[in-house]
Amino acid sequence: MRNITKAVMLVAFAAMITLVFVSCAEETPGETTGGLIVSTTQTEPATTAASATTQDTDEIEADTYIILDDEKTIISGEGAAYSAGTVTITKGGVYSVKGKLTDGKIYINSSVENKKVKLLFCGVDINCTTDAPVFVENSPAETVIILESGTTNVLSDNGDRAIPTDTTDYATATLYSKDDLQIEGEGTLTVNANFNKGIFSKNDIDIRGGVINITAADDGIRGKDSIEVSGGELNITCGGDALRTSEETVENKGDITVSGGKLTLKSDLDGIQATGSIAITGGNINITAAGGATGAFTSYAGDGGRPGDMGGERPAKPGLFGGKGSGKRPPDSSALEAAEEDTPSTKGIKAAKTLTISENPVLMITSVDDSIHGADVSLVGGTLTLTSDDDAIHGDETVYIGGGEINITACYEGVEAKKIAVSDGRVILKSSDDGFNAAGGSTSGTAGGFMGMKGGMDAVDSDCDINITGGFVLVNADGDGIDSNGNVEVSGGTLVVFGPVSDGNAALDYAGKFTVSGGTVLAAGSSRMAQSVTGDGVRVFAFNYTQQANTLVSILDGSGKSLIGFVNPKSYTHVVFASDAVDSDESCYLYESGSYSSQGFGGVYVEGDYTGGNLERELK
């Protein structure tokens, strides 16, 4: 009788185990045997049911099943074991994981060179008070976390845990890996990084899918060698940088690429920072750095009201270096580094090397420091909306605009670099100081000016120039509209400048020459410091003309065709107009009021029929 009873119990227990692993999404059974570790071979139906679709393959099947339940944790399959709150994985394979650890972790230490460790998260809740809830010590072929569709997974750590004093080789993130890390799938991962970083890899991080919500005391995601985002949804709120790389000594390392996904990044420091290059070709990116632009564009101390990184002092930001935890910082903490600097970096996107935005991403950035900053910046596609208390776009060496739509709603300076070039695209900007500013480098010679009023006392910087060969540029500047320490050349496209009201600045300000050989230039601003341009095969008109703000003014050729129309939101007293559409001996005619049949850009009309205006004067 006892033998029969024992046999029945074994059969019942085996049936229970099978039911537990039939589906990744089923509930964990309420009763298990404490400390039990089970290793069995799964039946074909159970293995097939516990599968998930991933970006790499059509379907992935689990080799080993893990049901987390503290000391009641169950493991079925090879390569994993449980002891004292820790699930240790020692070989490559696919591990289906679900359940909860109230104080424990998953520890991966695999030496298999050619087989990845794949964690299929099917509803995981892991909290660890002394370490990272997921710690990858060794996984040479890469660790992949797959978020099962329809599941919510949570990783949390303790902000008050002690920082080791005998080693620097410890987990500084909630999801911590010493090897490559990849995240994909269609489920949700929530990371509560109370100690320091949210997700960290000493090598590469590849985000391909899933909804990833991170709240971090320091950086949201840091990949030492690289970060790649091609899909998924990232929602990050952090006290450091939202996305950051940190490798500075190895060539071709430290890059960040974004080709897809939806990113909402709220950081106390930089939104995206790379020690290498940044390339953005897709995705929808919304960045708020240090709470976003305050609008205090002229309230800084220092060099002429210039913000902190140019000699002034930045206003204190509430909550800077915020986040959770005890305030203790590991040595590689971004917040710790920033606290030791005179001026914390609070840029939207910052690259130590090249920064390229192309194809079709959508970016919205509001930042205390520069919205976009790189050694060399190339913007050839996408839709960008930028607001900054400093430069909207800054290149240490160059800025090239070759496509896309750029709308700078407010900033201190709009575009700044030694060399600025525009060949295509549309730029509309509003700045409290200079619109385009070509500054830096060496100086030589002296400058010429218009009527001797400005430029004659400025040295010409041979390293600085602004070159416009195409596209549409509209600058609305309270300082100098176009400011070059060297030369300016326009050979195509349309450049419109709504210059300052104050006579202390001018719509056009250059130390060398401003040459127009093609395209259209229209500048309207104050008169006392006004400079004109030199025509190379194009007609140039420069004249005093007093007009009130928000009045439609149009310039027509002799046949009555509109060459340009504009509504300046500010009053002005001087106008410069140059166009390759006007013959050298042809007069033009200035009209006020009227209307256009086409839709303008930022109050500028470059096409469409003009009717109904009043002739104000002939331009000869």
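For K561, the aspartates and glutamates whose Cα comes closer than 12 Å to its Cα, not counting residues fewer than 8 places off in the same chain, are E607, D609.
Exposure check, 1.4 Å probe, all protein chains in place: E71 carries approximately 100 Å² of accessible surface. Using θ = phi - 60° in the Karplus curve 6.51 cos²θ - 1.76 cosθ + 1.60, the 3J(HN,Hα) couplings for the range 582-594 round to 10, 5, 4, 10, 8, 8, 10, 9, 9, 10, 10, 6, x Hz; x is entered for Gly and Pro.
Computed over protein heavy atoms with a 1.4 Å probe, the accessible surface of the range 521-592 works out to 37 Å² per residue. Across the range 531-546, computed HN-Hα scalar couplings (Karplus, 6.51 cos²θ - 1.76 cosθ + 1.60, θ = phi - 60°) run 10, 9, 10, 9, x, 10, x, 10, 7, 10, 10, 9, 7, 7, 7, 8 Hz from first to last residue, x flagging Gly and Pro. Under a model in which nothing but the beta-carbon of Lys, Arg (+1) and Asp, Glu (-1) is charged, the range 469-620 shows a dipole of about 200 debye around its Cα centre. What FRET efficiency would be calculated for the residue pair A549, A296, taking the C-beta separation as r and a Förster radius of 30 Å, to the nearest 0.05? With a Förster radius of 30 Å, E is 0.80. Amide H contacts under 5 Å for K262: G232, E233, L234, N284, restricted to partners 5 or more places along the chain or on a different chain, H placed in the peptide plane at 1.01 Å from N.
Among D179, D69, the sequence by solvent-accessible area, most first, with a 1.4 Å probe is D69, D179. Between the range 339-377 and the range 557-620, the C-alpha centres lie 38 angstrom from each other. What a 1.4 Å probe finds exposed on the range 344-425 is 53% carbon and sulfur by accessible area, rounded to a whole percent. Applying 1/(1 + (r/R0)^6) with r as the Cβ-Cβ distance of V567 and A375 and R0 = 35 angstrom yields a FRET efficiency of 0.40.
Maximal additional length on extending the N614-E233 stretch stands at 131.7 nm, based on 0.36 nm per residue less the C-alpha distance. A straight chain from A84 to V112 at 0.36 nm per residue would run longer than the Cα-Cα distance by 7.6 nm. Per-residue Karplus couplings for the range 472-483, computed as 6.51 cos²θ - 1.76 cosθ + 1.60 with θ equal to phi - 60°, are listed in order as 10, 10, 10, 10, 10, 10, 7, x, 5, x, 10, 10 Hz, Gly and Pro entered as x. In this label model, T190 and D160 are separated by 2.2 nm, measuring between points 7 Å along each Cα→Cβ vector. Looking at the square roots a ≥ b ≥ c of the eigenvalues of the Cα gyration tensor of the range 536-617, which shape do they give, rounded for a/c under 1.5, prolate if a/b is larger than b/c, or oblate? Oblate. Pairs from the table (K178/K224; K100/K202; K91/K197; K72/K100; K100/K178) lying more than 20 angstrom apart at Cα are K100/K202; K91/K197; K100/K178.
The values are calculated or read from the model by the stated rules, or taken from the named source; none is laboratory data. Here the structure is a predicted model, which is why all the values come from computation and not from measurement. Note that we place each Cβ from the backbone using ideal geometry, even for glycine, and neighbour counts take in every protein chain shown. Just so you know, the surface numbers come from the protein's heavy atoms only, side chains and all, with ligands and any DNA or RNA stripped out. Shrake-Rupley method; radii C 1.70, N 1.55, O 1.52, S 1.80 Å.
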